[in-house]
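Peer 1: I am attaching a structure below and will ask some questions about it afterwards.
The values are calculated or read from the model by the stated rules, or taken from the named source; none is laboratory data. What you see is a predicted model; the values in this text were computed from it and never measured. Here the Cβ positions follow ideal geometry from the backbone for every residue, glycine too, while neighbour counts run over all protein chains shown. Accessible surface is based on the protein model in full, side chains and every heavy atom, while ligands, DNA and RNA are left aside. Shrake-Rupley method; radii C 1.70, N 1.55, O 1.52, S 1.80 Å.
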There are 2 protein chains.
Amino acid sequence: MFSMLFMRSESDVTGRARIRNAALELFGAEGVNRVSVRAIAARAGVSAALVLHHFGSKEGLRKACDAYVVEQVRGGPEADLDDVSGLAAMLEAGSAVRLYLGRAFLDGTPEAAALFDDIVEATERWLEDGVRAGWVHPSDDPRARAAVYVTWLLAPLTFGEHLARVLPAGDLPETDRTLRSSRAGIEIFTRGLFADDRVLHAWDAVRKERGSR
Amino acid sequence: MFSMLFMRSESDVTGRARIRNAALELFGAEGVNRVSVRAIAARAGVSAALVLHHFGSKEGLRKACDAYVVEQVRGGPEADLDDVSGLAAMLEAGSAVRLYLGRAFLDGTPEAAALFDDIVEATERWLEDGVRAGWVHPSDDPRARAAVYVTWLLAPLTFGEHLARVLPAGDLPETDRTLRSSRAGIEIFTRGLFADDRVLHAWDAVRKERGSR
DNA sequence: CCGCATGCTGAACAGATGTTTAGCATGCTG
DNA sequence: CAGCATGCTAAACATCTGTTCAGCATGCGG
């Protein structure tokens with residue numbers, strides 16, 4: 001009775017959003033199937049039944065998280081397409097959203113798949129513009145390059161745990177850690193990695209051998 | 001003595017290994033926690049109890065899979081360090097092993113983490129050699145570059161599902177699909193992506209702004 | 001032949017999980 | 001005030017989970 005009033009006044013957010021945020025954090029950190037409805041409820045400071053009361057089922061909660069995250073990513077500065085727009089917004093989003101998105105791509109939810117496709121599409125156009133404007137090198141396979149590029153932007157997101165371990169940043173905040181690896185990535189994008197065509201030729205040799213048998 | 005060894009290897013084909021292979025496929029395809037012991041047993045054509053009889057627990061099974069996969073990846077042509085060695089072996093390994101490895105890196109198992117660290121270490125040395133030999137560009141942050149490079153090699157592995165959807169390969173076998181995206185990656189590594197330093201400078205601007213506040 | 005290890009099974013168990021149900025308190029509306 | 005919707009809960013439920021247990025068949029060594 002009085003405890004209810006107290007809890008309510010303690011939270012300046014509605015119950016629904018509190019639950020969704022708790023789910024977002026836990027899903028992103030642990031993965032959807034490793035998190036129980038009761039754990040989410042406990043983190044949100046409510047009962048497990050209320051979670052289901054609001055979202056119908058755990059699957060409903062997951063879809064709500066998906067929708068929220070996709071909205072966060074898509075709802076960014078849409079006109080700002082001369083930058084990576086969507087992805088940039090994503091990387092600017094909160095850590096919880098970022099982690100959740102990384103998991104979502106791996107869990108293969110339909111919403112995440114659609115988002116991935118859209119990002120690839122936008123990236124391909126963005127790279128095309130760059131090629132026309134002269135600040136992006138042309139490619140032998142623009143579509144594949146765009147797709148690979150997107151997976152590479154996503155990679156530090158899903159392998160963040162390993163990057164953090166391999167690139168100790170002391171007590172620097174997480175953003176600085178991200179900056180270090182992103183800087184290394186941009187360096188590769190700008191200068192290239194291999195100084196000659198040796199590896200490219202080696203690849204062609206493999207392709208030829210495979211094609212012949 | 002001999003008979004025991006013989007029988008063991010024979011039973012490896014029939015029993016233990018059949019279970020391990022079934023677990024490997026299911027773990028790789030679905031993720032460890034989404035797969036039940038009973039599902040593994042069903043796929044291997046045995047009872048659930050036998051799975052536990054052989055591996056003690058589900059965790060024991062997972063560790064056996066980890067050990068097997070790590071052995072597969074590490075056991076490649078070790079002397080052949082002038083190539084990407086470990087990673088090359090991994091990419092040559094069977095599809096099930098590859099998928100499992102991708103999951104393992106995400107599930108954060110200690111074995112996978114150690115393997116990741118080793119791969120980064122070997123890659124950094126390999127890139128150093130390349131720089132000395134002149135066929136790799138020097139870097140401002142060799143360690144970060146090696147780490148990012150490894151995550152990029154791993155990315156198509158974990159995002160394979162999305163790549164397949166975005167890069168339809170008709171009825172071509174999976175290896176050809178892999179070849180298409182790897183070719184695009186090597187192209188970036190060889191020619192670079194950005195034709196000028198614009199993005200690199202933009203990054204430095206961001207860093208500066210962040211550092212100032 | 002006996003004994004016994006080995007590979008294997010069905011049945012059962014304890015715990016966790018998602019979900020449902022019945023109901024309480026509050027606050028708004030007629 | 002009565003009535004009703006809302007936000008919320010505890011408890012029970014059914015199912016699924018990993019795991020254990022008692023026992024069956026087979027084959028080998030004594």
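Peer 1: Mind listing whichever residues of the range B:127-160 are closer than 18 Å to A:Leu167 by Cα, in contact (Cβ under 8 Å) with a residue 12 or more places away in the chain and not aliphatic (A, V, I, L, M)?
Peer 2: B:Glu128, B:Ser139, B:Pro142, B:Arg143, B:Arg145, B:Tyr149, B:Trp152
Peer 1: Can you find even one residue in the range B:44-56 that is within 15 Å of DNA strand C (Cβ to nearest atom), of a type outside the set (S, T, N, Q), away from chain A (no Cβ under 14 Å) and open to solvent by less than 20 Å² (accessible area, probe 1.4 Å)?
Peer 2: First, the residues of the range B:44-56 that are within 15 Å of DNA strand C (Cβ to nearest atom): B:44-56.
Remaining after also requiring of a type outside the set (S, T, N, Q): B:44-46, B:48-56.
Applying the additional criterion that residues be away from chain A (no Cβ under 14 Å) yields B:44-46, B:48-56.
When the remaining residues are screened for being open to solvent by less than 20 Å² (accessible area, probe 1.4 Å), the result is B:44, B:51.
Yes - at least one qualifying residue is present in the range B:44-56.
Peer 1: Oh, and also: Look at A:Gly31 and say whether it is within 14 Å of chain B (Cβ to nearest Cβ) and more than 8 Å from DNA strand C (Cβ to nearest atom). Before the answer, list the steps.
Peer 2: Values: within 14 Å of chain B (Cβ to nearest Cβ): yes; more than 8 Å from DNA strand C (Cβ to nearest atom): yes.
Criteria met by A:Gly31.
Peer 1: Pick out the one residue from B:Gly15, B:Gly28 that is small (Gly, Ala, Ser), open to solvent by less than 60 Å² (accessible area, probe 1.4 Å), part of a helix (DSSP H, G or I) and touching a residue at least 40 places away in the same chain (Cβ under 8 Å). Spell out how you get there, then give the answer.
Peer 2: On the way: B:Gly15 fails: touching a residue at least 40 places away in the same chain (Cβ under 8 Å).
The match here is B:Gly28.
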